[in-house]
């Protein structure tokens with residue numbers, strides 16, 4: 001067990017080293033023996049030494065797996081201490097009984113990053129843009145659509161007319177259905193909104209035209225001047241940029257750099273079928289609306305993602321009640337399906353993240369569908385939208401057959 005004294009010494013070492021630098025040129029050559037000596041001399045507590053001896057081999061394996069490079073022995077000891085603290089947090093959660101957690105925590109490439117730094121690197125929590133004006137504008141737009149003709153970005157009439165109880169199946173999985181590109185990685189850039197938007201447009205193109213072509217997030221980061229590039233943005237604005245710019249370039253033609261750079265959209269050709277014609281906003285707090293939208297196609301959603309439990313999510317159905325309790329949103333993702341987890345006996349929304357495929361369950365997370373929170377688990381019912389793209393071809397036969405598990409074979413309580 002790790003003792004508080006171990007973590008207090010981390011603060012001391014943090015003052016000694018330059019932990020934020022990652023340049024290879026600034027590295028000091030050192031060995032694992034140097035790290036061991038520094039750690040043990042900084043922690044004279046026997047329990048801390050026992051923890052080091054029992055965990056150092058796991059840390060070294062993790063370090064190699066994720067290609068971690070540190071600038072100095074001090075830097076590595078600082079990150080090792082954070083990693084050990086998170087290891088203890090993971091172990092304590094996964095060992096819980098009565099009840100057994102519906103999700104597990106696990107090490108990933110963020111395990112040596114304190115949650116405060118993690119929030120900053122992804123523009124989460126207190127570092128997120130102020131979404132209050134957006135939420136007020138959406139609310140006004142939804143109110144106007146209820147009182148008059150439908151507007152671009154308002155609720156679809158079809159969403160409210162379909163009876164969910166009459167659906168023939170319980171599970172929808174657009175990943176298996178072929179409408180989702182491989183998991184991507186936004187890296188140290190708050191561009192989640194761009195990844196959510198491209199994912200929704202990629203899915204819409206597949207459903208409408210039978211084509212799945214990875215689109216460029218970087219063109220949105222560089223050229224969409226309504227949003228703020230690596231400092232944050234929102235999917236609706238990205239859809240409007242796409243519509244005005246007549247489509248997006250492919251990821252191959254305009255590759256991702258995770259930096260705010262000069263717009264170069266004139267150097268590539270938009271992908272046919274990527275032109276957004278319109279988009280539909282789903283009313284707040286409407287799980288029914290979200291499910292109906294997912295049935296149609298992968299759907300952009302916003303959520304809260306600043307908590308340590310989410311940073312270290314490893315698998316299962318995430319149901320942290322504190323996540324989304326206040327309705328705060330700070331991260332854009334893509335809802336790609338829904339279903340029922342037999343192990344946890346819980347319904348879920350399946351979400352594609354943009355933190356690489358070593359995070360979570362291969363880059364995905366299952367979020368508990370039923371929640372006491374007004375806006376659902378992690379506030380996923382706060383901002384939801386899906387684009388409609390131009391029709392250029394014939395719908396792929398793969399689109400059919402995404403529905404799994406006949407509803408009649410499932411227990412009544414699942415629905």
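Report the label-to-label distance for residue 91 and residue 321 in nanometres (one decimal), using points 7 Å from each Cα along the Cα→Cβ vector.
Using points 7 Å along Cα→Cβ, the separation is 2.8 nm.
Modelling each spin label as a point 7 Å along the Cα-to-Cβ direction, I'd like the residue 132/residue 260 distance in nm, to one decimal.
So the two model labels end up 2.2 nm from each other.
Calculate, for residue 40 and residue 268, the FRET efficiency according to 1/(1 + (r/R0)^6) with r their C-beta to C-beta distance and R0 51 Å; round to the nearest 0.05.
Working: r = 55 Å, r/R0 = 1.07.
Computed FRET efficiency for residue 40 and residue 268 comes out at 0.40.
Let me know the shape class of the stretch 262-360, please: from the alpha-carbon gyration tensor, a ≥ b ≥ c as square roots of the eigenvalues, rounded when a/c is under 1.5, otherwise prolate if a/b is greater than b/c, or oblate.
On the way: a/c = 1.90, a/b = 1.51, b/c = 1.25.
Here the stretch 262-360 falls in the prolate category.
Please find the FRET efficiency linking residue 49 to residue 143, where r is the Cβ-Cβ separation and R0 is fixed at 41 Å, and quote it to the nearest 0.05.
Working: r = 63 Å, r/R0 = 1.53.
The value I calculate is 0.05.
Measure off 7 Å from each Cα along the Cα-to-Cβ vector at residue 31 and residue 370, then give the distance between these two points in nanometres to one decimal.
Using points 7 Å along Cα→Cβ, the separation is 6.0 nm.
Suppose R0 equals 22 Å; then what is the FRET efficiency for residue 57 and residue 121 from their Cβ-Cβ distance, rounded to the nearest 0.05?
Working: r = 28 Å, r/R0 = 1.26.
For R0 = 22 Å, the calculated efficiency reads 0.20.
Name the shape class, rounded, prolate or oblate, that the alpha-carbon gyration tensor gives for the stretch 159-284, where a ≥ b ≥ c are the square roots of its eigenvalues, rounded holds for a/c under 1.5, and otherwise prolate holds if a/b is larger than b/c and oblate otherwise. List each step's numbers first, then the result.
Details: a/c = 1.85, a/b = 1.71, b/c = 1.08.
It comes out prolate by the Cα gyration axes.
Values quoted throughout were computed directly from the atomic coordinates according to the rules given, and no laboratory measurement underlies them. Note that the structure is a prediction, hence the values are computed from the model and not measured. When we count neighbours, we look across all protein chains shown, and the Cβ atoms used for this are built from the backbone with ideal geometry, even at glycine.
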